[in-house]
1. May I ask you to order 144-150, 98-104 by the average number of other C-beta atoms within 10 Å around their residues, highest value first?
2. Taking θ as phi - 60°, what are the ³J(HN,Hα) couplings along region 46-60 by the Karplus curve (6.51, -1.76, 1.60), each to the nearest whole Hz, with x for Gly and Pro?
3. Relative to the compact globular guide of 2.2 N^0.38 Å, what is the alpha carbon radius of gyration of region 2-168, as a ratio?
4. Across region 63-75, in residue order, what do the Karplus-derived ³J(HN,Hα) couplings come to in whole Hz, using 6.51 cos²θ - 1.76 cosθ + 1.60 with θ = phi - 60° and x for Gly and Pro?
5. What net charge is computed for the residues neighbouring residue 151, neighbours being all others with C-beta under 11 Å from the C-beta of residue 151, Lys and Arg scored +1, Asp and Glu -1?
6. Going by amide H atoms built from the backbone, whose H comes under 5 Å of the H on residue 48, apart from near neighbours?
7. Give me the net charge of residue 140's neighbourhood, meaning all other residues with Cβ under 14 Å from the Cβ of residue 140; Lys, Arg count +1, Asp, Glu -1.
Amino acid sequence: MENQITYLLEHYGYFGIIFALIGGIVGLPIPDEVLLTYIGYSVFQGELSYLISIVSAFVGATVGISLSYFIGYKFGLPLLEKFGPKIHITEQKINRTKNLFKKFGPYLLLFGYFIPGVRHLTAYMAAVNRFSFRKFIIYAYAGALIWSFTFITLGRILGENWTNVELYISTYRIYLITSILVLTIFFYLLWKRRNRLRRGIS
């Protein structure tokens, strides 16, 4: 897998990141988190730019999840149930994500990227539930940025030990999601408070 990712980055650079993540988010069997972490490792080695890598990953993730949204909006669940198993999207995963979406809705769009088998389906569920595209963008694109930043930064920090990411993910995933959720709420409340103060001053 490392050789394939290396080939992708060496031959296609940042465009390779974009197209790989578009495919991965839509549902192709691409190890997105491993790819992002390896990109972070390449940044650590000085082979890629940290900022451009994050922007490229963000573009790939947002295009991929938007494409999934439009496919879901146009064709709905029947298409997913018919062709999903061919790209490893099973009926069990579909039903699981459907139930999660009923409970958590927008927040699943925001943090579903961190849950294997769920990030590929959240956009479809948003479309089937007729989320407006504007509302979809707010949560899904914010999630794409957090996800891209997290794993590229993780790869950069781990350096030579980047291959341990799968072990760290499986062990600490719930703590990672909780930390991100707490930070997101904190910054949202801070932003809201600043807006109130500005309105009070004006």
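1. 144-150, 98-104
2. x, 8, 10, 7, 4, 5, 5, 5, 5, 4, 5, 5, 4, 4, x
3. Details: Rg = 15.6 Å, N = 167, 2.2 N^0.38 = 15.4 Å.
Output field value: 1.02.
4. Each residue of region 63-75 in turn: 5, x, 6, 5, 4, 4, 4, 5, 5, x, 5, 7, 10 Hz.
5. Neighbour charge sum, excluding residue 151 itself: -1.
6. Here the answer is 43, since their amide H atoms fall under 5 Å of that of residue 48.
7. Details: positive: 119, 134, 135; negative: none.
Once positives and negatives cancel, what remains is +3.
Any read-out appearing in this document is the output of simple, stated calculations on the displayed coordinates, not a laboratory observation. Just so you know, these numbers come straight off a predicted model, no measurement behind them. Ideal geometry is used to build each Cβ from the backbone, glycine not excepted, and the neighbour counts take in all protein chains shown.
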